[in-house]
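Colleague: Structure provided below as structure tokens; questions to follow.
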Amino acid sequence: MSNKIKKLAVLTSGGDSPGMNAAIRSVVRTCSYHNIQCLGVFRGYEGLIDGDFEELTARSVKGIINKGGTFLKSARSNRFRTEEGRKEAYQKLLDVEADGLVVIGGDGSFTGAMIFNQEFGFPVMGIPGTIDNDIYGTTHTLGFDTALNTVVDAIDKIRDTASSHNRLFFIEVMGRDVGHIALNTGIAGGAEEILIPEENLGLDRLVESLNKSRKSGKSSSIVVVAEGDKIGKNIFELKDYVDQNMEGYDVRVSVLGHMQRGGAPSCFDRVLASRMGVKAVESLLKGETNYMVGLLNGKMELTPIEKAIKGKTKINLELLRVSDIMST
Ligand code: ATP
């Protein structure tokens with residue numbers, strides 16, 4: 001491996017997700033393994049501009065692999081959106097003699113990293129950390145698997161009360177632009193219907209389908225709705241519509257919200273984070289820059305950051321079909 005790089009910086013940016021701590025730990029320990037220094041940057045790009053750095057050693061990251069959130073803290077930074085702010089950040093990295101930057105975050109964070117690289121030629125590497133799984137170039141983003149487990153656990157609990165009272169529950173899960181969380185947890189939680197932004201079922205079809213389930217003998221119904229679904233303006237209006245157009249059910253709404261972003265990362269996310277950290281550091285050491293690491297066909301692969309930002313993830317059509325068959 002190249003010995004040009006002597007010191008790397010790592011930061012977490014944008015929305016937090018389970019597995020970010022495990023990824024920081026992996027970056028730090030991979031640096032330590034290759035005898036290079038690692039600086040933790042607090043508060044994402046805000047901390048980069050302020051020079052809020054702390055040297056991290058293999059021992060500084062003990063006991064965090066199982067913790068949700070990010071101990072480096074995350075932030076949104078308007079200053080980093082300006083050339084002046086990015087110049088300041090670059091100067092801060094030069095001051096501490098850092099030679100590369102690992103950015104753990106979502107597509108906004110990657111856009112910032114790509115622009116920073118284009119402006120100053122500073123080596124950057126991205127690790128996709130977001131529960132939405134909406135980044136091209138990886139089948140799984142960090143935190144997605146944990147969020148799925150959290151949501152399925154919640155659906156199971158809501159099902160208990162739904163079936164005790166003949167209730168129809170609309171459960172809103174995260175996913176502004178993509179329905180990955182809704183589709184997977186809907187199948188795993190045995191939902192009668194799954195509403196996702198990629199598909200517009202139509203209100204009449206929804207009521208028809210719920211009536212059909214009721215006639216087939218179901219005593220409760222669960223509809224999992226991605227927050228970005230287009231069928232109703234919001235989940236409460238959806239509830240009102242169904243209340244007015246369907247008889248026999250007590251209709252309730254449950255918005256799961258930020259609980260989906262927290263909690264201890266699953267085994268899958270801990271392993272993924274560990275693999276991504278190793279790949280990110282070793283790629284920078286090999287002289288690669290402006291890439292995102294991702295899981296493709298079971299292997300760690302690099303995708304140019306620009307492609308990761310611009311590419312669209314697609315909903316799995318086979319899963320859609322499975323969900324249709326399961327709800328009969
Ligand atoms: P999430 O998917 O959870 O929203 P994200 O990484 O997409 O995570 P954003 O808030 O979009 O979160 O971006 C995080 C930060 O990245 C912003 O606060 C900003 O500092 C930086 N950033 C985003 N877009 C740009 C841009 N066009 N130019 C420079 N910096 C940017």
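Only the coordinates and a few stated rules stand behind these numbers; no lab work does. Please read these numbers as outputs of a predicted model, since none were measured by experiment. Cβ atoms come from the backbone with ideal geometry, glycine included; neighbour counts cover every protein chain shown.
Colleague: Considering region 5-20 alone, what residues qualify as being within 16 Å of the ligand (Cβ to nearest atom) and of a type outside the set (A, V, I, L, M, F, W, C)?
Modeller: Answer for region 5-20, where residues must be within 16 Å of the ligand (Cβ to nearest atom) and of a type outside the set (A, V, I, L, M, F, W, C): T12, S13, G14, G15, D16, S17, P18, G19.
Colleague: Which members of region 17-59 meet the condition of being part of a loop (DSSP other than H, G, I, E, B) and either out of contact with any Lys or Arg (no Cβ under 8 Å at 6 or more places or on another chain) or surrounded by fewer than 24 Cβ atoms within 10 Å (Cβ to Cβ) (or both)? Spell out the reasoning first.
Modeller: Initially, region 17-59 is screened for residues part of a loop (DSSP other than H, G, I, E, B), giving 17-19, 34-36, 42-43, 51-52, 57.
H34, N35, I36, F42, R43, G51, D52, T57 - these are the residues of region 17-59 that are part of a loop (DSSP other than H, G, I, E, B) and either out of contact with any Lys or Arg (no Cβ under 8 Å at 6 or more places or on another chain) or surrounded by fewer than 24 Cβ atoms within 10 Å (Cβ to Cβ) (or both).
Colleague: So, one more: Taking R25 as the residue in question, decide whether it is among the basic types (K, R), within 21 Å of M292 (Cα to Cα) and either in contact with a His (Cβ under 7 Å, 6 or more places away or on another chain) or within 16 Å of the ligand (Cβ to nearest atom) (or both).
Modeller: It is false that R25 is among the basic types (K, R), within 21 Å of M292 (Cα to Cα) and either in contact with a His (Cβ under 7 Å, 6 or more places away or on another chain) or within 16 Å of the ligand (Cβ to nearest atom) (or both).
Colleague: Using the structure shown, decide if K299 is free of Cβ contacts under 8 Å to residues at least 24 places away in the same chain, under 23 Å from K4 (Cα atoms) and not aliphatic (A, V, I, L, M).
Modeller: No; evaluated as a whole, the condition is false for this residue.
Colleague: Give me the residue from region 80-118 that is near the ligand (Cβ under 9 Å from one of its atoms) and out of contact with any helix residue (DSSP H, G or I) (no Cβ under 6 Å at 6 or more places or on another chain) and, out of that set, farthest from N133 (Cα to Cα).
Modeller: Looking at the filtered set, the residue picked out is T82.
Colleague: Kindly establish whether L142 is among the hydrophobic types (A, V, I, L, M, F, W, C) and closer than 30 Å to E301 by Cβ.
Modeller: yes
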